[in-house]
Amino acid sequence: MKYIMFEDFSGAPTPIIFPNRIDHADMREQMPYSRALSAGFVTMRADGFHCHGSSKELDLKAGPGDAAIIADKFADPES
């Protein structure tokens, strides 16, 4: 799966996860958030989420803390 980490309206990092067949740039156009922080690919392994790679279209790469942010969102969907 692909993802883009956005800064939401309150300043918090918010991941959007979507299928590989959708381009990062196309998903970026659909989102109302003004700032994209990072982008790449996310996989689920036995030891948790792993973020890697980059988006050439957005000139962004996976951030070192992205996997933890995504894991927190799944652990507490209200966050």
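The values are calculated or read from the model by the stated rules, or taken from the named source; none is laboratory data. As the structure is a computational prediction, the values presented were derived from the model and not from experiment. Positions of Cβ are generated from backbone atoms using ideal geometry, with glycine treated the same way; all protein chains shown enter the neighbour counts.
Here are the numbers for the structure shown:
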quantity	calculated
Odd one out for GLU78 among (1) free of Cβ contacts under 8 Å to residues at least 40 places away in the same chain; (2) assigned to a loop (DSSP other than H, G, I, E, B); (3) more than 19 Å from PHE9 (Cβ to Cβ)	(3)
Meets criteria (of a type in the set (A, V, I, L, M), surrounded by 15 or more Cβ atoms within 10 Å (Cβ to Cβ) and modelled with pLDDT of 95 or more) for ILE69	yes
Scan of segment 1-57 for residues that are surrounded by 11 or more Cβ atoms within 10 Å (Cβ to Cβ) and among the small types (Gly, Ala, Ser), ordered by number	ALA25, ALA36, SER38, ALA39, GLY40, GLY48, GLY53, SER54, SER55
